[in-house]
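Trainee: One structure is given below, represented as C-alpha coordinates, and several questions about it will come after.
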Amino acid sequence: MFALFFYHRNFMFVILTLLLCSIICQILLGVTYHRLIRETENMSVTKNKSIQQLKLKFTGCTQLRETIPNVPVFVDKYLNQISIGKIPVSFFKHLSGQLTLLAVLVAGIGACIGIIQDESFFMVAPFYLISFLGLYLYFAASSLIDLPGKINILRTNLVDYLENHLASRLDQTRLDMRMAGMEAVSPKSEDSKPDLEKTPLIKEAAVNEKAQKADTEDAHVSLQNAERKKNPPAFTPSEAEELELLLREFLV
(Lines give C-alpha, C1' and ligand atoms only; values in the text may rest on other atoms or scores of the structure.)
Protein backbone atom coordinates (compact mmCIF):
# COMPACT_ATOMS: atom_id res chain seq x y z
CA MET A 1 0.00 0.00 0.00
CA PHE A 2 2.76 2.42 0.92
CA ALA A 3 4.50 1.53 -2.34
CA LEU A 4 1.55 3.10 -4.17
CA PHE A 5 2.16 6.41 -2.37
CA PHE A 6 5.80 6.42 -3.45
CA TYR A 7 4.98 5.44 -7.02
CA HIS A 8 4.31 9.13 -7.77
CA ARG A 9 6.90 10.36 -5.30
CA ASN A 10 7.39 13.76 -6.92
CA PHE A 11 3.70 14.62 -6.68
CA MET A 12 3.49 13.24 -3.15
CA PHE A 13 6.53 15.25 -2.03
CA VAL A 14 5.01 18.49 -3.35
CA ILE A 15 1.60 17.76 -1.81
CA LEU A 16 3.01 16.87 1.61
CA THR A 17 5.31 19.92 1.59
CA LEU A 18 2.40 22.26 0.84
CA LEU A 19 0.24 20.69 3.55
CA LEU A 20 3.07 20.89 6.07
CA CYS A 21 3.70 24.56 5.30
CA SER A 22 -0.01 25.28 5.66
CA ILE A 23 -0.15 23.67 9.09
CA ILE A 24 3.06 25.45 10.16
CA CYS A 25 1.43 28.78 9.30
CA GLN A 26 -1.52 27.90 11.52
CA ILE A 27 0.76 26.90 14.39
CA LEU A 28 2.82 30.09 14.01
CA LEU A 29 -0.30 32.23 14.26
CA GLY A 30 -1.51 30.29 17.29
CA VAL A 31 1.82 30.73 19.09
CA THR A 32 1.88 34.47 18.30
CA TYR A 33 -1.59 35.12 19.68
CA HIS A 34 -0.94 32.89 22.69
CA ARG A 35 2.11 34.95 23.63
CA LEU A 36 0.16 38.18 23.25
CA ILE A 37 -2.59 36.80 25.51
CA ARG A 38 0.00 35.95 28.16
CA GLU A 39 1.43 39.45 27.92
CA THR A 40 -1.99 41.11 28.25
CA GLU A 41 -2.68 39.27 31.49
CA ASN A 42 -0.19 41.61 33.19
CA MET A 43 0.09 44.61 30.89
CA SER A 44 1.48 46.97 33.53
CA VAL A 45 4.86 45.20 33.43
CA THR A 46 4.78 43.86 29.88
CA LYS A 47 7.94 43.95 27.78
CA ASN A 48 6.23 43.38 24.45
CA LYS A 49 7.03 46.30 22.16
CA SER A 50 3.74 46.26 20.27
CA ILE A 51 1.70 46.35 23.49
CA GLN A 52 3.91 49.11 24.88
CA GLN A 53 3.32 51.12 21.72
CA LEU A 54 -0.42 50.52 22.12
CA LYS A 55 -0.31 51.88 25.67
CA LEU A 56 1.68 54.94 24.63
CA LYS A 57 -0.65 55.64 21.71
CA PHE A 58 -3.72 55.28 23.93
CA THR A 59 -2.18 57.60 26.54
CA GLY A 60 -1.38 60.20 23.89
CA CYS A 61 -4.86 60.08 22.38
CA THR A 62 -6.43 60.33 25.84
CA GLN A 63 -4.36 63.40 26.72
CA LEU A 64 -5.30 65.09 23.45
CA ARG A 65 -9.02 64.24 23.47
CA GLU A 66 -9.46 63.60 27.23
CA THR A 67 -11.52 60.49 26.34
CA ILE A 68 -11.63 57.87 23.58
CA PRO A 69 -15.33 57.17 22.90
CA ASN A 70 -14.89 53.80 21.19
CA VAL A 71 -12.10 51.74 22.75
CA PRO A 72 -13.06 48.45 20.96
CA VAL A 73 -12.47 50.10 17.57
CA PHE A 74 -9.11 51.37 18.84
CA VAL A 75 -8.20 47.81 19.87
CA ASP A 76 -9.40 46.35 16.55
CA LYS A 77 -7.08 48.70 14.69
CA TYR A 78 -4.22 47.40 16.81
CA LEU A 79 -5.18 43.77 16.15
CA ASN A 80 -5.21 44.43 12.41
CA GLN A 81 -1.67 45.82 12.64
CA ILE A 82 -0.12 42.84 14.44
CA SER A 83 2.75 41.40 12.44
CA ILE A 84 5.35 38.65 12.65
CA GLY A 85 8.58 40.39 11.84
CA LYS A 86 7.46 42.81 9.14
CA ILE A 87 4.78 40.52 7.70
CA PRO A 88 1.19 41.03 8.94
CA VAL A 89 -0.59 38.06 10.46
CA SER A 90 -3.37 38.37 7.88
CA PHE A 91 -0.83 37.30 5.24
CA PHE A 92 -0.15 34.05 7.10
CA LYS A 93 -3.88 33.39 7.48
CA HIS A 94 -4.47 33.66 3.76
CA LEU A 95 -1.24 31.81 2.96
CA SER A 96 -2.28 28.82 5.05
CA GLY A 97 -5.57 28.40 3.21
CA GLN A 98 -3.99 28.96 -0.19
CA LEU A 99 -1.30 26.33 0.44
CA THR A 100 -3.95 23.77 1.36
CA LEU A 101 -5.94 24.51 -1.80
CA LEU A 102 -2.76 24.32 -3.84
CA ALA A 103 -1.97 20.87 -2.37
CA VAL A 104 -5.44 19.65 -3.35
CA LEU A 105 -4.93 21.11 -6.84
CA VAL A 106 -1.61 19.29 -7.26
CA ALA A 107 -3.26 16.05 -6.13
CA GLY A 108 -6.02 16.53 -8.70
CA ILE A 109 -3.47 17.18 -11.44
CA GLY A 110 -1.63 13.99 -10.50
CA ALA A 111 -4.86 12.00 -10.59
CA CYS A 112 -5.75 13.41 -14.01
CA ILE A 113 -2.32 12.53 -15.39
CA GLY A 114 -2.70 8.97 -14.05
CA ILE A 115 -6.11 8.61 -15.65
CA ILE A 116 -4.76 9.91 -18.97
CA GLN A 117 -1.96 7.36 -18.80
CA ASP A 118 -4.53 4.55 -18.29
CA GLU A 119 -3.33 3.75 -14.77
CA SER A 120 -5.50 1.54 -12.60
CA PHE A 121 -7.74 2.81 -9.79
CA PHE A 122 -5.26 1.68 -7.13
CA MET A 123 -2.52 3.72 -8.78
CA VAL A 124 -4.67 6.87 -8.76
CA ALA A 125 -6.33 6.32 -5.35
CA PRO A 126 -3.36 7.70 -3.31
CA PHE A 127 -4.00 11.16 -4.75
CA TYR A 128 -7.55 11.14 -3.41
CA LEU A 129 -6.44 9.75 -0.07
CA ILE A 130 -3.72 12.35 0.40
CA SER A 131 -6.18 15.12 -0.51
CA PHE A 132 -8.73 14.00 2.08
CA LEU A 133 -6.01 13.48 4.66
CA GLY A 134 -4.54 16.95 4.00
CA LEU A 135 -7.93 18.66 4.33
CA TYR A 136 -8.64 16.78 7.55
CA LEU A 137 -5.28 17.80 9.05
CA TYR A 138 -5.79 21.41 8.01
CA PHE A 139 -9.23 21.73 9.59
CA ALA A 140 -8.16 19.75 12.65
CA ALA A 141 -5.21 22.05 13.24
CA SER A 142 -7.45 25.10 12.73
CA SER A 143 -9.98 23.88 15.29
CA LEU A 144 -7.30 22.96 17.83
CA ILE A 145 -5.46 26.26 17.49
CA ASP A 146 -8.76 28.21 17.45
CA LEU A 147 -7.51 31.52 16.09
CA PRO A 148 -10.92 33.32 16.34
CA GLY A 149 -11.17 32.34 20.02
CA LYS A 150 -7.66 33.59 20.76
CA ILE A 151 -8.36 36.85 18.96
CA ASN A 152 -11.53 37.37 21.03
CA ILE A 153 -9.64 36.68 24.27
CA LEU A 154 -6.90 39.11 23.27
CA ARG A 155 -9.44 41.79 22.35
CA THR A 156 -11.28 41.33 25.66
CA ASN A 157 -8.06 41.62 27.68
CA LEU A 158 -6.96 44.76 25.84
CA VAL A 159 -10.33 46.51 26.10
CA ASP A 160 -10.60 45.63 29.80
CA TYR A 161 -7.16 47.01 30.59
CA LEU A 162 -7.55 50.21 28.58
CA GLU A 163 -11.06 51.04 29.80
CA ASN A 164 -10.99 49.83 33.41
CA HIS A 165 -7.35 50.28 34.41
CA LEU A 166 -5.33 52.63 32.22
CA ALA A 167 -8.11 55.17 31.59
CA SER A 168 -8.97 55.48 35.30
CA ARG A 169 -5.28 55.78 36.13
CA LEU A 170 -4.88 58.60 33.62
CA ASP A 171 -7.92 60.38 35.09
CA GLN A 172 -6.43 60.11 38.57
CA THR A 173 -3.09 61.40 37.33
CA ARG A 174 -4.81 64.35 35.63
CA LEU A 175 -6.71 65.11 38.84
CA ASP A 176 -3.52 64.97 40.90
CA MET A 177 -1.84 67.39 38.50
CA ARG A 178 -4.75 69.82 38.82
CA MET A 179 -4.63 69.60 42.61
CA ALA A 180 -0.87 70.22 42.55
CA GLY A 181 -1.44 73.25 40.32
CA MET A 182 -4.02 74.67 42.73
CA GLU A 183 -1.65 74.17 45.66
CA ALA A 184 1.09 75.97 43.75
CA VAL A 185 -1.23 78.93 43.05
CA SER A 186 -2.51 79.27 46.64
CA PRO A 187 0.84 80.48 48.17
CA LYS A 188 1.03 83.18 45.51
CA SER A 189 -2.44 84.40 46.42
CA GLU A 190 -1.44 84.50 50.11
CA ASP A 191 1.64 86.55 49.24
CA SER A 192 -0.49 89.05 47.38
CA LYS A 193 -2.72 89.65 50.44
CA PRO A 194 -0.28 92.07 52.17
CA ASP A 195 -0.21 94.20 49.04
CA LEU A 196 -3.97 94.31 49.04
CA GLU A 197 -3.89 95.31 52.69
CA LYS A 198 -1.42 98.12 51.91
CA THR A 199 -3.60 99.69 49.21
CA PRO A 200 -6.08 101.40 51.63
CA LEU A 201 -3.16 103.04 53.45
CA ILE A 202 -1.75 104.31 50.17
CA LYS A 203 -5.12 105.72 49.14
CA GLU A 204 -5.52 107.43 52.53
CA ALA A 205 -2.07 109.03 52.24
CA ALA A 206 -2.90 110.36 48.77
CA VAL A 207 -6.14 111.90 50.03
CA ASN A 208 -4.33 113.59 52.91
CA GLU A 209 -1.72 115.00 50.52
CA LYS A 210 -4.43 116.48 48.27
CA ALA A 211 -6.16 118.00 51.28
CA GLN A 212 -2.91 119.63 52.41
CA LYS A 213 -2.36 121.11 48.92
CA ALA A 214 -5.92 122.50 48.93
CA ASP A 215 -5.36 124.07 52.36
CA THR A 216 -2.15 125.76 51.24
CA GLU A 217 -3.85 127.19 48.14
CA ASP A 218 -6.73 128.56 50.22
CA ALA A 219 -4.27 130.16 52.62
CA HIS A 220 -2.40 131.82 49.75
CA VAL A 221 -5.63 133.26 48.27
CA SER A 222 -6.71 134.56 51.67
CA LEU A 223 -3.31 136.29 52.11
CA GLN A 224 -3.69 138.05 48.74
CA ASN A 225 -7.17 139.28 49.67
CA ALA A 226 -5.89 140.57 52.98
CA GLU A 227 -3.10 142.52 51.27
CA ARG A 228 -5.57 144.09 48.87
CA LYS A 229 -7.71 145.25 51.78
CA LYS A 230 -4.70 146.80 53.51
CA ASN A 231 -3.58 148.75 50.34
CA PRO A 232 -6.75 150.05 48.61
CA PRO A 233 -6.38 151.44 45.04
CA ALA A 234 -5.83 155.24 44.48
CA PHE A 235 -8.91 155.72 42.25
CA THR A 236 -12.33 154.19 42.38
CA PRO A 237 -13.61 152.50 39.25
CA SER A 238 -15.84 155.50 38.32
CA GLU A 239 -13.02 157.96 38.80
CA ALA A 240 -10.75 155.81 36.66
CA GLU A 241 -13.30 155.87 33.82
CA GLU A 242 -13.70 159.67 33.96
CA LEU A 243 -9.96 160.10 33.94
CA GLU A 244 -9.66 157.83 30.90
CA LEU A 245 -12.28 159.90 29.00
CA LEU A 246 -10.51 163.19 29.77
CA LEU A 247 -7.22 161.81 28.53
CA ARG A 248 -8.83 160.65 25.26
CA GLU A 249 -10.38 164.15 24.67
CA PHE A 250 -7.07 165.83 25.41
CA LEU A 251 -5.20 163.66 22.99
CA VAL A 252 -7.78 164.17 20.21
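Trainee: Examine the stretch 81-90 for a residue that is out of contact with any Ser or Thr (no Cβ under 8 Å at 6 or more places or on another chain) and assigned to a helix (DSSP H, G or I), and state whether such a residue exists.
Mentor: There is at least one residue in the stretch 81-90 that is out of contact with any Ser or Thr (no Cβ under 8 Å at 6 or more places or on another chain) and assigned to a helix (DSSP H, G or I).
Trainee: Test of understanding: among Ala107, Ala111, which residue is open to solvent by less than 50 Å² (accessible area, probe 1.4 Å), under 55 Å from the mean Cα position of the chain (by Cα) and more than 30 Å from Asp76 (Cα to Cα)? Can you show your working first?
Mentor: Values: Ala111 fails: under 55 Å from the mean Cα position of the chain (by Cα).
Of Ala107, Ala111, the one residue that is open to solvent by less than 50 Å² (accessible area, probe 1.4 Å), under 55 Å from the mean Cα position of the chain (by Cα) and more than 30 Å from Asp76 (Cα to Cα) is Ala107.
Trainee: Only one residue in Ile145, Ile151, Ile84 is farther than 17 Å from Ile24 by Cα, touching a residue at least 40 places away in the same chain (Cβ under 8 Å) and surrounded by 13 or more Cβ atoms within 10 Å (Cβ to Cβ), so which one is that? Walk me through how you get there before you give the answer.
Mentor: Working: Ile145 fails: farther than 17 Å from Ile24 by Cα; Ile84 fails: farther than 17 Å from Ile24 by Cα.
None of the others qualify; the one that does is Ile151.
Trainee: Now, a different point. Out of the stretch 126-160, which residues are among the β-branched types (Val, Ile, Thr) and over 21 Å from Arg35 (Cα atoms)?
Mentor: As a first pass, look at the stretch 126-160 and keep what is among the β-branched types (Val, Ile, Thr): 130, 145, 151, 153, 156, 159.
Listed by number, the list holds a single entry, Ile130.
Trainee: For the stretch 21-49, name all the residues that are of a type in the set (S, T, N, Q) and at pLDDT below 90. Can you show your working first?
Mentor: Going through the stretch 21-49, the residues of a type in the set (S, T, N, Q) turn out to be 22, 26, 32, 40, 42, 44, 46, 48.
Across the stretch 21-49, the qualifying residues are Thr40, Asn42, Ser44, Thr46, Asn48.
Trainee: Step by step: first the residues of the stretch 20-50, then only those that are aliphatic (A, V, I, L, M) and without any contact (Cβ under 8 Å) to a residue 60 or more places away in the chain, then the one that is farthest from Val159 (Cα to Cα). Which residue is that? Explain how you work it out, then say what you get.
Mentor: Of the residues in the stretch 20-50, the ones aliphatic (A, V, I, L, M) are 20, 23-24, 27-29, 31, 36-37, 43, 45.
So of that shortlist, the ones also without any contact (Cβ under 8 Å) to a residue 60 or more places away in the chain come out as 20, 24, 31, 45.
Values: Leu20: 35, Ile24: 30, Val31: 21, Val45: 17 Å.
Checking each candidate, the answer is Leu20.
The rows are residues; the columns are (1) in a helix (DSSP H, G or I); (2) open to solvent by 80 Å² or more (accessible area, probe 1.4 Å); (3) modelled with pLDDT of 85 or more; (4) not aromatic (Phe, Trp, Tyr).
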site: Leu19; (1), (2), (3), (4): yes, no, yes, yes
site: Phe58; (1), (2), (3), (4): yes, no, no, no
site: Gln63; (1), (2), (3), (4): yes, yes, no, yes
site: Thr67; (1), (2), (3), (4): no, yes, no, yes
site: His94; (1), (2), (3), (4): yes, yes, yes, yes
site: Leu99; (1), (2), (3), (4): yes, no, yes, yes
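Trainee: In addition: Is at least one residue of the stretch 6-26 among the polar types (S, T, N, Q) and in contact with a strand residue (DSSP E or B) (Cβ under 9 Å, 6 or more places away or on another chain)?
Mentor: To start, the set of residues in the stretch 6-26 that are among the polar types (S, T, N, Q) comprises 10, 17, 22, 26.
Keeping just the survivors that are in contact with a strand residue (DSSP E or B) (Cβ under 9 Å, 6 or more places away or on another chain) gives none.
No, the conditions are met nowhere in the stretch 6-26.
The values are calculated or read from the model by the stated rules, or taken from the named source; none is laboratory data. Predicted model only: the values in this text are computed from it and were never measured. Glycine gets a Cβ as well: all are built from the backbone with ideal geometry, and neighbour counts include every protein chain shown. The area values use the complete protein model at the heavy-atom level, side chains included, leaving out ligands, DNA and RNA. Shrake-Rupley method; radii C 1.70, N 1.55, O 1.52, S 1.80 Å.
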